[in-house]
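Here's the structure we're looking at; comments come further down.
Every number in this text was worked out from the coordinates using simple rules, so none of it is lab data. Small disclaimer: the values here were computed from a predicted structure and weren't measured. Don't worry about glycine lacking a Cβ; one is built from the backbone with ideal geometry, like all the others, and counts go over all protein chains shown.
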Amino acid sequence: MTVEVAYLPEHRKNPIWPNSAEELVGIVDQFSTGERPSCTLMWIILTDDQDETSILFVGISPGASTGSLLFQGEEGQFFSKGLDDAEGIEEYFDFGECRRHPENSKIDISGVRAAVAEFYSISGKLPKCIEWQDYVEY
């Protein structure tokens, strides 16, 4: 299994290669506290031993206590599910390009951390520790 992480322009050529779920969560923690206004979306790309690839996109605005997840893998595409009554769009920036997530996909940072750790631990499958909702393009 290989896991690569990118959220800054320099990571396109030199991604981060975490060796454990704990190390990956530490990278998310650094990402959530950093100053990077043009990069608020992290890519976590996991390729398992059968060469199946899953991606977990992690959107966190600098200093925020919430984040949004987008999973793409064998099970399909799903956004994290947060508050049902939240409406609107949350914008995250992927190397300067806007990516839209539904406002109701925002979850507490502890849920983001748990889902990221589980994603690593279960080799890129859809984490079960949080709720998910169907993907809709915005």
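Values for this structure:
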{"item": "Peptides 77-85, 44-52 ordered by average Cβ neighbours within 10 Å, highest first", "result": "77-85, 44-52"}
{"item": "Estimated vicinal HN-Hα couplings, Hz - segment 83-100 in sequence order (Karplus 6.51, -1.76, 1.60; Gly, Pro = x)", "result": "6, 4, 8, 6, 10, x, 10, 9, 9, 10, 10, 9, 6, x, 8, 6, 10, 9"}
{"item": "Around ILE55: net Lys/Arg minus Asp/Glu count, Cβ-Cβ under 13 Å", "result": "-4"}
{"item": "Residue-wise HN-Hα coupling along segment 17-32, computed from phi with Karplus coefficients 6.51, -1.76, 1.60 (Hz; x: Gly, Pro)", "result": "10, x, 9, 7, 4, 5, 5, 5, 4, x, 5, 4, 4, 4, 4, 6"}
{"item": "Net charge of neighbours whose Cβ lies under 12 Å from the Cβ of MET1, counting Lys and Arg as +1 and Asp and Glu as -1", "result": "-4"}
{"item": "Descending semi-axes in whole angstrom, ellipsoid equivalent of segment 2-134, from the Cα gyration tensor", "result": "20, 18, 13"}
{"item": "Cα lying deepest toward the dipole's positive end in the chain, options PHE119, TYR92, THR33, charges on Cβ", "result": "THR33"}
